[in-house]
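What follows is a single structure, written as structure tokens, with notes after it.
The values are calculated or read from the model by the stated rules, or taken from the named source; none is laboratory data. All of these numbers come straight from a predicted model, not from anything done at the bench. Positions of Cβ are generated from backbone atoms using ideal geometry, with glycine treated the same way; all protein chains shown enter the neighbour counts. In case anyone asks, the SASA skips ligands and DNA or RNA and just uses the protein heavy atoms, side chains included. Shrake-Rupley method; radii C 1.70, N 1.55, O 1.52, S 1.80 Å.
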Amino acid sequence: MAKMWEGRTSGNTDVIADDFNSSIRFDSRMWREDITGSMAHAAMLGKQHIITEDEAQILIEALAGIISDIDAGILVFDPSCEDIHMFVEQVLTERIGDTGKKLHTARSRNDQVALDMRMYLRGQTKEIISLILGLASALTDKAEKYASAIMPGYTHMQRAQPVTFGHQLMAYVSMLLRDAERFTDSLARTNISPIGSCALAGTTYPTDRRFEAEKLGFDGICSNSIDGVSDRDFCLEFLSDCSILMMHLSRLSEEIVLWSSWEFGFIELSDAYTTGSSIMPQKKNPDMAELVRGKTGRVYGELMALLTTMKGLPLAYNKDMQEDKEGVFDCCDTVKMCLRIMTPMICTLTARTQNMRRAAGGGFINATDLADYLVLRGLPFRSAYKISGQVVADCISRGCVLEELPLDVYKSHCDLIDNGVFSAVDLNACLSRRTSEGGPSSENVLSQINSAREKIKNFN
Ligand code: ARG
């Protein structure tokens, strides 16, 4: 097939070269952005009298016709076209002849592809933000339900201090709300129009870049035409926002895997989000959580791949940059899929609160509270810490917990101890005394829940 760029060369490239060079099999997903961008470009060309207003009108109507034909499935992408930009221009020229050939005045595929990617990622970012908020709100609802379900909090995977399941879940809500903010912050830099940068050196035509940008809903235009076609940091920011989000989802997934094991028995996943084993009849595997954890690796890979692709490129456009798309698109699909599976998985899980309570009862997670009690009785914290440690060691050798140790034994460790020690180490009391802002007492968790809900509701 004749190439649109035929001229200096014959356009007779090798079939394998055509195939290698072509990006239509993946960049066709930006068809709507591409055509919408072209409609704004045609309008600008007409307004500036670079083409006539009539020609602009013909172009705009033909482009709108292409949109509805693709939507209706009447027009399908021609795999022999080099990319989506060439495909649209080819169809346009087939339909309206020479006027179609005027569309590419004062434009290059270099600024066109940068425009399409920015418009595409703008839409994807908004979708991802709303999915994040959906997951955050599912976690918040679950946290409310279990705001006073005591469980051990862990450090080094060792039982550490008492928290509640609601408190633990709200930690993830905090992470997700930061993720949503991160995507919003990046959006401000993505939503800047590169169109009008042309190949790299702007143009001699009297274009109006701001008109075109405004028509397409951009917040501004890039200030340097070389940067406009060379910049892919908006893609890298998107990939790094996605990587951080996936890291959070992966940690939550890891905990879901652990909590649903027999060893922990802290949660029960709905059957809808687990699978059985082909050989072991007893199995109920948390595959969905494992897959989210697993897919995190490929999102990181996509970030690394594009960072590496970009690092040695001289300005301005280089064909290497076509490699931005598959990773970014796969990342969009992967992240959205993970959020879509996590949300109902969280909504349908139930906590096995007795097991959590039982785990909280062993492991001496109230040892700090015993030390704090001794501080109240007048000891400096470091001395209180030491006595509490000795009491724990004593309990371990006797095979009991702090709640069960007889008062006279307590007194043999420190004569400041009186009967009040039992309420000091009572887990419910330990929890309700942890009222520092952000802490695990149920009022604190409820206030975290309220402010998260407020944030989710007012998020823009
Ligand atoms: N398919 C190309 C890409 O994705 C479009 C830009 C091509 N520009 C060029 N000068 N060959 O990067």
Open item on the list: Looking only at region 70-82, how many residues end up being part of a loop (DSSP other than H, G, I, E, B) and away from the ligand (no atom under 16 Å from the Cβ)?
Closed with: 5
TODO: Go through (1) among the charged types (D, E, K, R); (2) at pLDDT 95 or above; (3) part of a loop (DSSP other than H, G, I, E, B) and name the single condition D54 misses.
DONE: (3)
- [ ] State which residue is least open to solvent (accessible area, probe 1.4 Å) when the search covers only region 146-167 and only residues that are without any contact (Cβ under 8 Å) to a residue 40 or more places away in the chain and not in a strand (DSSP E or B).
- [x] M157
- [ ] Looking only at region 222-236, count how many residues are of a type outside the set (S, T, Y) and more than 20 Å from F183 (Cα to Cα).
- [x] 5
Task: The listed residue being modelled with pLDDT of 95 or more, surrounded by 13 or more Cβ atoms within 10 Å (Cβ to Cβ) and in a loop (DSSP other than H, G, I, E, B), out of C395, C400 - done: C400
Task: Subset of region 23-34 [open to solvent by 50 Å² or more (accessible area, probe 1.4 Å) and free of Cβ contacts under 8 Å to residues at least 60 places away in the same chain] - done: R25, R32
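So that you can scan it fast, the table gives a plain yes or no per residue for (1) within 16 Å of the ligand (Cβ to nearest atom); (2) closer than 30 Å to F329 by Cβ; (3) open to solvent by 30 Å² or more (accessible area, probe 1.4 Å):
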| residue | (1), (2), (3) |
| --- | --- |
| Q90 | yes, yes, yes |
| G100 | no, yes, no |
| A114 | yes, yes, no |
| G123 | no, yes, yes |
| I132 | no, yes, no |
| D141 | no, no, yes |
| E144 | no, no, yes |
- [ ] State whether one or more residues within region 224-235 are under 19 Å from H104 (Cβ atoms) and open to solvent by 40 Å² or more (accessible area, probe 1.4 Å).
- [x] no
Open item on the list: Just to be sure I understand, how many residues within region 90-125 are among the small types (G, A, S) and under 25 Å from G217 (Cβ atoms)?
Closed with: 4
TODO: Check region 331-344 and report whether any residue there is within 20 Å of L236 (Cα to Cα) and of a type in the set (K, R).
DONE: yes
TODO: Only residues in region 83-102 that are part of a helix (DSSP H, G or I) count as the first member; pair them with residues that are surrounded by fewer than 23 Cβ atoms within 10 Å (Cβ to Cβ) and of a type in the set (S, T, N, Q), Cβ under 6 angstrom, at least 6 apart or cross-chain, and list the lot.
DONE: I84/S28; G100/T93; K101/T93
Task: Unmet requirement for E323, which otherwise passes all of (1) more than 16 Å from the ligand (Cβ to nearest atom); (2) open to solvent by 60 Å² or more (accessible area, probe 1.4 Å) - done: (1)
Open item on the list: So, in region 102-112, exactly how many residues are away from the ligand (no atom under 16 Å from the Cβ) and buried (at least 19 other Cβ atoms within 10 Å of the Cβ)?
Closed with: 1
- [ ] Please give the number of the condition E326 fails out of (1) farther than 30 Å from M246 by Cβ; (2) at pLDDT 95 or above.
- [x] (1)
Open item on the list: Quick test of your reading of the structure: A384 fulfils all but one of (1) modelled with pLDDT of 95 or more; (2) exposed (fewer than 14 other Cβ atoms within 10 Å of the Cβ). Name the failing condition by number.
Closed with: (2)
- [ ] May I ask you to list the residues in region 8-34 that are within 14 Å of the ligand (Cβ to nearest atom), small (G, A, S) and assigned to a loop (DSSP other than H, G, I, E, B)?
- [x] G11, S22, S23
Open item on the list: Yes or no: region 55-69 includes at least one residue that is open to solvent by less than 40 Å² (accessible area, probe 1.4 Å), of a type in the set (D, E) and within 14 Å of the ligand (Cβ to nearest atom).
Closed with: no
Open item on the list: Residues that are in contact with a strand residue (DSSP E or B) (Cβ under 6 Å, 6 or more places away or on another chain), at least 1 per element: which helices (runs of 4 or more DSSP H) completely within region 179-280 meet that?
Closed with: 209-215, 233-259
Task: Within region 168-206, considering residues that are without any contact (Cβ under 8 Å) to a residue 12 or more places away in the chain and more than 30 Å from T52 (Cβ to Cβ), the one least open to solvent (accessible area, probe 1.4 Å) - done: A171
- [ ] Taking G37 as meeting all but one of (1) assigned to a helix (DSSP H, G or I); (2) farther than 23 Å from V328 by Cβ; (3) in contact (Cβ under 8 Å) with a residue 12 or more places away in the chain; (4) not hydroxyl-bearing (S, T, Y), write down the number of the exception.
- [x] (2)
Open item on the list: Among the residues that make up region 332-349, is at least one of them under 21 Å from F165 (Cα atoms), of a type outside the set (S, T, N, Q), more than 21 Å from the chain's Cα centre (by Cα) and away from the ligand (no atom under 16 Å from the Cβ)?
Closed with: yes
- [ ] Run S447 past the list (1) in contact with a strand residue (DSSP E or B) (Cβ under 7 Å, 6 or more places away or on another chain); (2) in a helix (DSSP H, G or I) and report the number of the one that doesn't hold.
- [x] (1)
Task: Leading residue by the ranking (nearest to the ligand (Cβ to nearest atom)) among those in region 292-309 that are in contact (Cβ under 8 Å) with a residue 40 or more places away in the chain and open to solvent by 40 Å² or more (accessible area, probe 1.4 Å) - done: L307
